[in-house]
Amino acid sequence: MFSKKLSLLLFVFAGLSSAQGIDFVKANYTKYEFRIPMRDGVHLFTSVYVPKDASPALKYPIMYDRTPYSVAPYGVDNFKTQLGPSELFARDKYIFVYQDVRGRLMSEGTFVDMRPQIDDKKTPQDIDESSDTYDSIDWLVKNVPNNNGKVGMWGISYPGFYTAAGMLANHPALVAVSPQAPITDWFVGDDFHHNGALYLPHAFNFISSFGLPRPEPVSKAARRQFEIPVTGYQFYLNMGPLTNANEKYLKNNVAFWDEMMKHPNYDAFWQARNLRPHLRGVKPAVMTVGGWFDAEDLFGAQQVYKMVRSQSPETHNMLVMGPWFHGGWARGDGDHLGFAQFDAKTSLFYREKIELPFFQYYLKGKADPNLPGAYVFETGSNQWRTYDAWPPAQAAAKTLYLHANGKLSFVAPTKDEGSAYDEYVSDPAKPVPYISEQAAGMTREHMTEDQRFAESRTDVLSYVTDPLTDDVTFAGALHPKLEISTSGTDSDFVVKLIDVYPADYPDPDPNPVGVHMGGFEQLIRGEVFRGRFRNGFDKPEAFTPNKLAKIDYAMPDINHCFRRGHRIMVQIQSTWFPLVDRNPQKFVDIYNAKTSDFQKATERVYHSASEASQIEVSILPGY
């Protein structure tokens, strides 16, 4: 199962969609392979596909993709079946360039995960992804015949990081870039950690295969040999403390896992890999793309847009957000995820009406498509919205308050509501599952999963509004501010925002699995916070048992309309397994915790007039 998942991930990471077919590519393109020299003498393996009709009278722009996942197939007689970000680009014709990044597959040099950016380069040995990008573009425009001197970059996920870092090269030929689900910070919000908590199956699955040693250039990367059974919940529970991952499976053969285990806090190692503060002085036009239901790099997409907007205000900067899983915009129709229906082929619309026109305008000088500052899909009402910027200026701050008896309201609690708190016992030995079924890894569908299975657990608190009398549209960030206490010295807190469908909501037709949509509890956004980091990710701090404390953090933005007759629900819990690793609920180094460190804890969430747990939201006019 894992090998199938990895193949799917590599397919998405390369930015592929439905294939044009190898016969089309071979008939219309000539393939070349180069080893492009960098300023420090390292050579990067690069595949180049040139339209056969390219000539001094018919020159083409370059579309450039940098990847750690392989530019295969290798050999000038072996062709990709798909070129460009989508099936539309090869027919529109560009010079397509694919490059193995430094230290990966056929490129020379040493690979560094999320290689830190060096803003002040002093010697040829001061290299980073922006310098490798600059050197490569400079060589390409001077040595690939019949290019028009304009370059565009794109990439999804890790290649999205290389695109975001590459645009900092500011080579004069680089005029348009599209970082798509770009990694920006592996501790705060992307991939392996969310607010300091380890996303266990994603980190373990990815790093343990991707991070195997490569002592010299190779055309095929090494892969791990063991498989995870479909009952991933039990697999990770049986693994026990994280130290067992190395002892049982990785055998100290995965360098980045070992590095990660040495850095449980947001120290210099992680801070150097935070791309966000470097996104200044960007000269190419930027179109950042992300999915509202991207389980991996939703954070990165939103952060790249926001940081370019705030730190590089002169840059032409736009955001595209659709109802997509990781990379879903690059292939498929994008009309549903799990049982959540979007009533439109959103991915096709993006590829035809947004992505291709963006690059055509900047690279080929075609008509200005007049794309807005933010092109976002509003789930719930299921329609595209356009704004000058994101979040929309007309969105107003509102607050959702928790109340006694499981009530949720935009009205603050009063003194005479009964109990001042709700409590539950969190047991690391019996953690709350993150999905109702079993899976070997992190599923993409969990981002819209029906939460009815969780509501029935005694270690999950649920708060819900009355049925809405009008549509309520959230457009922006969610900001939980919880008043809590714990009987332990550390705990995680998971907050989930849920759309509860009315009882008479129609079932799908056809309905082969017999799902009942009446009362469906669709997850809209869920996010964990590791409590020890409440005063800073670089300042872990124990809780004083049973003493009131505050949890205050930002969740990624949403754009969702809760329709009239629906209800808004908030769930709170302290485990979300195996999506998030288990917190021992004892203040220890979790990456080196012992079995004896794991303990039950009683968690209290307060909702009194003086200790009012709440979620700050942004709502569009009309409510």
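Residues are listed down the side, and each one gets a yes or a no for (1) assigned to a strand (DSSP E or B); (2) under 21 Å from the mean Cα position of the chain (by Cα); (3) among the small types (G, A, S):
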residue	(1), (2), (3)
G488	no, no, yes
V494	yes, yes, no
I498	yes, yes, no
D504	no, no, no
D509	no, no, no
N546	no, no, no
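Out of S55, S3, one residue alone is farther than 25 Å from A164 by Cβ, surrounded by fewer than 14 Cβ atoms within 10 Å (Cβ to Cβ) and at pLDDT below 95. It is S3. Applying the condition of being among the polar types (S, T, N, Q) and in a strand (DSSP E or B) to segment 21-52 and asking which residue is surrounded by the fewest Cβ atoms within 10 Å (Cβ to Cβ) yields T30. Taking segment 141-153 as the range and being out of contact with any Phe, Trp or Tyr (no Cβ under 8 Å at 6 or more places or on another chain) and either assigned to a helix (DSSP H, G or I) or buried (at least 21 other Cβ atoms within 10 Å of the Cβ) (or both) as the test, the residues that pass are V141, K142. The set of residues in segment 154-178 that are outside any strand (DSSP E or B) and of a type outside the set (A, V, I, L, M) comprises S157, Y158, P159, G160, F161, Y162, T163, G166, N170, H171, P172.
Within segment 528-555, the residues that satisfy the criterion of being within 30 Å of E378 (Cα to Cα) and either of a type in the set (G, A, S) or surrounded by fewer than 22 Cβ atoms within 10 Å (Cβ to Cβ) (or both) are D552, Y553, A554. Yes or no: L363 under 30 Å from G149 (Cβ atoms), of a type outside the set (S, T, Y) and outside any loop (DSSP other than H, G, I, E, B)? Yes; evaluated as a whole, the condition is true for this residue.
Pairing each residue of segment 245-258 that is surrounded by 14 or more Cβ atoms within 10 Å (Cβ to Cβ) with any residue that is of a type in the set (D, E, K, R), provided the two are 6+ apart or on different chains, yields C-beta distances under 7 Å for F256/D113.
Please work out if M321 is touching a residue at least 24 places away in the same chain (Cβ under 8 Å) and surrounded by fewer than 24 Cβ atoms within 10 Å (Cβ to Cβ). When the stated conditions are applied, M321 does not pass them.
Would you confirm, using the coordinates I've provided, whether L400 is buried (at least 21 other Cβ atoms within 10 Å of the Cβ) and more than 22 Å from the chain's Cα centre (by Cα)? Step through it out loud before you land on a result.
Working: buried (at least 21 other Cβ atoms within 10 Å of the Cβ): yes; more than 22 Å from the chain's Cα centre (by Cα): yes.
So L400 passes the test.
Scanning segment 62-95 for residues that are in contact with a Lys or Arg (Cβ under 7 Å, 6 or more places away or on another chain) and either more than 29 Å from F111 (Cα to Cα) or basic (K, R) (or both) gives a single hit, L88. Condition check: exposed (fewer than 15 other Cβ atoms within 10 Å of the Cβ), within 17 Å of R444 (Cβ to Cβ) and under 25 Å from the mean Cα position of the chain (by Cα). Does D333 satisfy that? So D333 fits the description; yes.
How many residues does segment 223-242 hold that are assigned to a loop (DSSP other than H, G, I, E, B) and either of a type outside the set (V, I, T) or under 13 Å from F204 (Cα atoms) (or both)?
10
If you check A173, A164, A181 for being at pLDDT 95 or above, in contact with a Leu (Cβ under 7 Å, 6 or more places away or on another chain) and farther than 16 Å from M38 by Cβ, only one passes: A164.
Tell me yes or no: at least one residue of segment 388-404 is out of contact with any helix residue (DSSP H, G or I) (no Cβ under 7 Å at 6 or more places or on another chain), free of Cβ contacts under 8 Å to residues at least 60 places away in the same chain and more than 30 Å from N238 (Cα to Cα). Yes, that holds for at least one residue.
The values are calculated or read from the model by the stated rules, or taken from the named source; none is laboratory data. Just so it is clear, the model here is predicted, and its values are computed rather than measured. When we count neighbours, we look across all protein chains shown, and the Cβ atoms used for this are built from the backbone with ideal geometry, even at glycine.
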